[in-house]
Structure formats: structure tokens, C-alpha cells
Amino acid sequence: MDINLKEYLYSKSSIPTLIRVAIFLLGLVILSSNTVRIFKTDGPSMNETYTDGEHLFVNTRAYDKKWPDRYDVVMVIDVNNLLFKDEFMVKRIIALPGETVEIDNGIIYINGVERSDDKWKGRGVGITSPEFGRDGEPIEAYGESTIPITLRDYEYFIMGDNRGITWYGVYNFDEFVGKVIN
């Protein structure tokens, strides 16, 4: 079977098709490398929202012109595990820069006030290890409680939605990969 590519490539009907395909591929390359990245979840820490093995779309430019909001789901670089296995974690922002966060008997308090708009309220936070404060230092915990932590500029307190077995801690804005958009 002889295929004459020259005849097909130069026919009037194939040129618009080739242009559309080229534009689509170019757009896909630009979007995937600059704006949206696809990651796969690993583990149960976000089970209330995302299941283990689910594919997530992360907008890497979501915070170019605005700061993260409370309850945004973000992907962060797992600086404490970077050399071993998982390089990224998906977590929810609980507290913002300048706020004081404390977990007391599994309930989250921001600036001394229980978060009444926290839809995971009443599920209790299981203190799992490791939990990290700033610069990788462990958060001092006792039972199901922690000492109050006042966040500095560019610091966010994040944790998973599966509050009973999640990791949580203080992460700097520089460690954010982007915002999960699905």
C-alpha cells in the first residue's frame, strides 16, 4: 500500500486540519508546562475530599496575583521528605499569616476562637507524627493538643481533610506548588 504524503499534506482539505492539530498541541504544551500540572494523590490524608490514587489538576499560577485564602486546597513541596519518597503533599489551608493557631482536644482555634465555619468541625484532629512547625522543627504537642503557634509573614498552617490521621504544620508560601482546582 502506497501512501502519498506529499499529496495529502498539500491538499486543500488537510491544511486546516494540520493547523488545528498544531495549535491544539502547542496550547497543550503551553498549558501543561506553565499553568496546570497533573498529580496523583498518594495516601488517605485528604480522604474526605480526594481519594488515594485520584488525579488532581494543580494551577501553578493561581497565586501569581493574589494570596491564598483560608480553606484553599494546595499542593506543597514536602521539604521534610524530599530526599526519600513523596516530594509533594496535598493539604488544606487552615490559618493565614499573622494568625495564631492552636489545636485543643482535637478542635482547631484561630486567634483563640473555635473555627465555626470549619466543615470538618467535631471530627477531632489526631496528633500524628511528624507534625512540623517552622523550619522543620516539630510542633510541641500533648495528647490531642498543641501549643499556640503565631504565623509569621508568608507562613500558612495546613492540614489534610482526614483529620484523624493527617499530617499538618507550618509551611512557607515559597513551598507552595499551586492551588488544586478539581
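Looking at the range 146-182 only, could you name the residues that are of a type in the set (Val, Ile, Thr) and assigned to a strand (DSSP E or B)?
If the condition is that a residue be of a type in the set (Val, Ile, Thr) and assigned to a strand (DSSP E or B), then 146, 149, 150, 158, 170, 177, 180 are the ones that fit.
Can you tell me which residues in the range 110-122 are surrounded by 10 or more Cβ atoms within 10 Å (Cβ to Cβ), at pLDDT below 90 and not basic (Lys, Arg)?
Across the range 110-122, the qualifying residues are 114, 118, 120.
Just wondering, is there one or more residues in the range 17-38 that are part of a loop (DSSP other than H, G, I, E, B), of a type in the set (D, E, K, R) and modelled with pLDDT of 80 or more?
Taking every residue of the range 17-38 in turn, none turns out to be part of a loop (DSSP other than H, G, I, E, B), of a type in the set (D, E, K, R) and modelled with pLDDT of 80 or more.
Which numbered condition in (1) modelled with pLDDT of 80 or more; (2) over 19 Å from the mean Cα position of the chain (by Cα) is the only one that residue 88 fails?
So the condition that residue 88 fails would be (2).
Go through the range 34-57 and give me each residue that's in contact (Cβ under 8 Å) with a residue 24 or more places away in the chain, more than 19 Å from residue 162 (Cβ to Cβ) and among the aliphatic types (A, V, I, L, M).
Scanning the range 34-57 gives a single hit, 36.
The values are calculated or read from the model by the stated rules, or taken from the named source; none is laboratory data. Source: prediction; values computed, not measured. In this analysis, Cβ positions are derived from the backbone assuming ideal geometry, glycine residues included, and neighbour counts consider all displayed protein chains.
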